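The values are calculated or read from the model by the stated rules, or taken from the named source; none is laboratory data. What you are looking at is a predicted structure, and each value in this text was computed from that prediction instead of being measured. For neighbour counting, all protein chains shown are included, and Cβ atoms are generated from backbone atoms with ideal geometry for every residue, glycine included.
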Amino acid sequence: MRHRCLWLVWIAFFLVNCGREPLYQSQSYVFGTLVDISIYGESDARAAELAGHIQQEFQRLHNQLHAWQPSDLSKLNAVFAAGQSLPISQELAQMLIEATRISVASDGLFNPAIGGLIGLWGFQRDDFTAVSPSTNDIQALVNAKPSLSNIVIENGVATSKNKAVKLDLGGYAKGAALDLASSYLREQKVKGALINIGGNIIAVGQHGERLWHVGIQHPRKPQAIATLDLPDGWAIGTSGDYQRFFMRDGKRFCHIIDPRSGEPAQGVQAVTVLIPPSPNAGAWSDAASKPLFISGRAHWKEMATKLGVANAMLIDAQGHVELTPAMQQKLHFEK
């Protein structure tokens with residue numbers, strides 16, 4: 001979190017000092033991370049009103065999708081565990097449908113239905129301390145094979161054919177929130193904005209005559225490892241082992257769980273993807289980085305190709321950087 005705070009301060013300093021045009025910025029804390037909203041070309045009063053609306057929407061989504069405190073999602077999980085059904089909102093239904101599409105495309109490596117495993121490893125709480133789940137408990141959840149494809153939604157009512165399905169949309173919600181904010185700002189005719197939710201970023205318009213210039217967090221240092229210009233509608237998402245993790249016997253265990261083994265993924269420090277404009281660019285940027293991270297150094301490029309992600313970067317456990325050819329053309333590395 002210290003790294004994240006310093007990085008947001010760095011990017012805020014960069015944006016404020018790259019020109020004299022009016023730039024409004026606000027920060028809040030939602031989805032368990034810092035949210036930074038930058039709006040260009042509006043009066044402070046107008047920008048504050050826009051940012052306030054976005055912050056309220058983010059808080060609403062956070063409350064609705066919380067995986068372990070009382071929420072619509074935790075209520076749905078309890079219903080699934082009991083083998084029952086529950087009416088859900090159209091908004092949540094659409095999220096589950098889109099998340100299922102990404103999950104299927106990733107051969108199940110992106111799997112928000114493994115909330116049971118995420119909780120077992122101690123990542124469904126605010127503070128992370130070292131835990132040692134039993135092999136039997138892990139294997140039981142792996143063998144149950146919970147997946148989003150087990151969920152049936154008919155006439156607004158959701159049912160799971162698998163009682164082991166326990167939803168945790170922590171790897172999707174921030175991206176969905178970016179899409180919500182982007183759509184709202186475009187409806188409001190905002191010419192330029194940059195929304196950053198803990199390193200998941202989407203650009204709306206430009207920063208005056210320039211593209212938005214953003215940084216990618218270094219996974220082991222309190223600074224950016226690289227920068228890039230982010231065009232209108234493009235979204236960038238990073239999955240890393242440096243925010244939600246604990247150390248045990250000198251080994252790092254992060255919150256990104258491999259559904260195949262039931263264990264935290266190893267061998268990668270961070271994966272960053274860059275997604276072109278679409279109504280779901282934010283959601284894809286948030287979700288697509290996870291299967292690349294889990295695929296590891298040996299297979300991440302194959303997974304990127306499978307998902308149609310042309311722009312991606314992987315930093316392995318030793319700090320070595322690998323890039324797709326398209327991403328190599330877009331990044332400027334800090335010296």
| Matching option when the condition is modelled with pLDDT of 95 or more, surrounded by fewer than 17 Cβ atoms within 10 Å (Cβ to Cβ) and among the charged types (D, E, K, R), among Lys161, Lys166, Lys174 | Lys161
| query | So is Ser89 among the polar types (S, T, N, Q), modelled with pLDDT of 95 or more, under 30 Å from Gln56 (Cβ atoms) and surrounded by fewer than 13 Cβ atoms within 10 Å (Cβ to Cβ) or not? | reply | yes
| task | Name every residue in the range 112-135 that is assigned to a helix (DSSP H, G or I), crowded, with 21+ Cβ neighbours inside 10 Å and β-branched (Val, Ile, Thr), in order of residue number. | result | Ile118
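Could you check the range 193-216 and list, in sequence order, the residues that are of a type in the set (A, V, I, L, M, F, W, C) and on the phi > 0 side of the Ramachandran plot? Working first, answer last.
Going residue by residue through the range 193-216, those that are of a type in the set (A, V, I, L, M, F, W, C) are 193-195, 197, 201-204, 211-212, 214, 216.
Once the filter is applied, which keeps residues that are of a type in the set (A, V, I, L, M, F, W, C) and on the phi > 0 side of the Ramachandran plot, the range 193-216 yields nothing.
Output the residues belonging to the range 194-210 that are more than 19 Å from the chain's Cα centre (by Cα) and not polar (S, T, N, Q). Give the derivation first.
Quick first cut of the range 194-210, residues more than 19 Å from the chain's Cα centre (by Cα) only: 205-210.
Gly205, His207, Gly208, Glu209, Arg210, listed by residue number.
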| Criterion (surrounded by 19 or more Cβ atoms within 10 Å (Cβ to Cβ) and in a loop (DSSP other than H, G, I, E, B)) met by exactly one of Leu73, Leu109 | Leu109
| query | What about Ile225, is it touching a strand residue (DSSP E or B) at 6+ places or on another chain (Cβ under 6 Å), farther than 25 Å from Leu194 by Cβ and either part of a strand (DSSP E or B) or in the same structural domain as Lys191 (by TED's automatic domain parsing) (or both)? | reply | no
| said: Can you confirm whether Gly198 is out of contact with any Asp or Glu (no Cβ under 8 Å at 6 or more places or on another chain), crowded, with 18+ Cβ neighbours inside 10 Å and farther than 23 Å from Leu34 by Cβ? | reply: no
